Amino acid sequence: MSNEFADDPRFVLSRDIVLEAGRKALAYYADRSSLQTEAKLSGQDIVSEADRTVEELIRARVGAAFPGDGILGEEQGLAAGSSGFLWVVDPIDGTSCFVHGLDQWCISIGVMDGDETVLGLIHRPTTGDLFVARRNGGAFLNGEPMRVDATAGIDTGLIGVGANFRVPAERIAAFVRLLLEAGGMFVRNGSGALMLAEVASGRLAGYYEAHMNAWDCVAGLLMIREAGGWTAPFPSTGAELLAGGPVLGCASGIGGELRALVQRSLEIAEATGNG
């Protein structure tokens, strides 16, 4: 493991935590036949025993080291702090993939200082990949600098597309149709956080999802920016942060084209009464 950002005690802790959490999650993944799960909003939106246990581990480690820091996690919500730092945690992003034996899942940790995300870590235990970024400090994959693919075009790169039941299906369908008509191609692996990290590493040219929660995206959005890419504004404080919002991130050269496709897809959905 390289020593990037070793001068930052919160980074050192978050790196240790995300790797430890990965080992724990991987043990559950290897024994899925005994894993307890339950539905949240729908049969496709589930939580597992692994999600809860991993988040408890992260909260305990952060609380012991930085008791004044707040924590916002997918499973237990917000525990406000007094220091101005907020840890934004998804213990397992891609739970549906996780429980069905697909390896497209990860652990995501972002650290915010006020309204700015200052650290982002995304770990994919099944491959060992560790994506990290620090505000104004760059982005790294397994210790090596990573950059967005500045050469990719809409018609040459792959665009990650997220889907969920919080937004009308027509919005997603309209965007995919417009992307295909523009000569592009979409991919979806079940983990928005992982696809954002893959934009930062140059594996994907861009990523769009009509709505994401903060724990799914703040780490990955920082990575894209620090890897030389562009991201649309995302809510960063108070109730707006808790509510989440649309996410768009990509290599800077295709930002205008992707924004135009998103806007047109919203207009189509609105015109059909599904906006």
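Here are a few things to note about the model shown:
- Taken as a whole, the structure places E198 among residues that are surrounded by 22 or more Cβ atoms within 10 Å (Cβ to Cβ), within 15 Å of the chain's Cα centre (by Cα) and assigned to a helix (DSSP H, G or I).
- Residue selected from segment 231-258 under the condition assigned to a helix (DSSP H, G or I) and of a type in the set (G, A, S), by the criterion farthest from I172 (Cα to Cα): G238
- Checklist (1) over 17 Å from the mean Cα position of the chain (by Cα); (2) closer than 24 Å to G84 by Cβ; (3) at pLDDT 95 or above applied to T237, failing item: (3)
- Any hit, segment 106-125, residues being in a loop (DSSP other than H, G, I, E, B), at negative phi and touching a residue at least 24 places away in the same chain (Cβ under 8 Å): yes
- Entirely in segment 1-104, the helices (runs of 4 or more DSSP H) that have 2 or more residues that are surrounded by fewer than 19 Cβ atoms within 10 Å (Cβ to Cβ) and modelled with pLDDT of 90 or more: 9-30, 49-65
- Considering segment 223-242, and only residues there that are out of contact with any helix residue (DSSP H, G or I) (no Cβ under 9 Å at 6 or more places or on another chain) and not acidic (D, E), the residue that is surrounded by the most Cβ atoms within 10 Å (Cβ to Cβ) turns out to be T237.
- One residue stands out among those in segment 155-171 that are at pLDDT 95 or above and crowded, with 19+ Cβ neighbours inside 10 Å: the one that is nearest to A243 (Cα to Cα), which is G162.
Each row is one residue, and each column tells you yes or no for (1) more than 18 Å from A163 (Cβ to Cβ); (2) assigned to a helix (DSSP H, G or I); (3) out of contact with any Lys or Arg (no Cβ under 7 Å at 6 or more places or on another chain); (4) not hydroxyl-bearing (S, T, Y).
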| site | (1), (2), (3), (4) |
| --- | --- |
| L194 | no, yes, no, yes |
| R203 | yes, no, yes, yes |
| E209 | no, no, yes, yes |
| A260 | yes, yes, yes, yes |
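- Of the criteria (1) outside any helix (DSSP H, G or I); (2) at negative phi, which one R225 fails: (1)
- Taking segment 243-270 as the range and being touching a helix residue (DSSP H, G or I) at 6+ places or on another chain (Cβ under 8 Å) and without any contact (Cβ under 8 Å) to a residue 60 or more places away in the chain as the test, the residues that pass are G244, P246, L248, G249.
- Evaluating F186 against the criteria (1) in a strand (DSSP E or B); (2) in contact (Cβ under 8 Å) with a residue 40 or more places away in the chain; (3) in contact with a helix residue (DSSP H, G or I) (Cβ under 8 Å, 6 or more places away or on another chain); (4) not small (G, A, S) leaves one unmet condition, (2).
The values are calculated or read from the model by the stated rules, or taken from the named source; none is laboratory data. All values derive from a computational prediction rather than experimental measurement. Cβ sites come from the backbone with ideal geometry, for glycine too, and all protein chains shown count toward neighbours.
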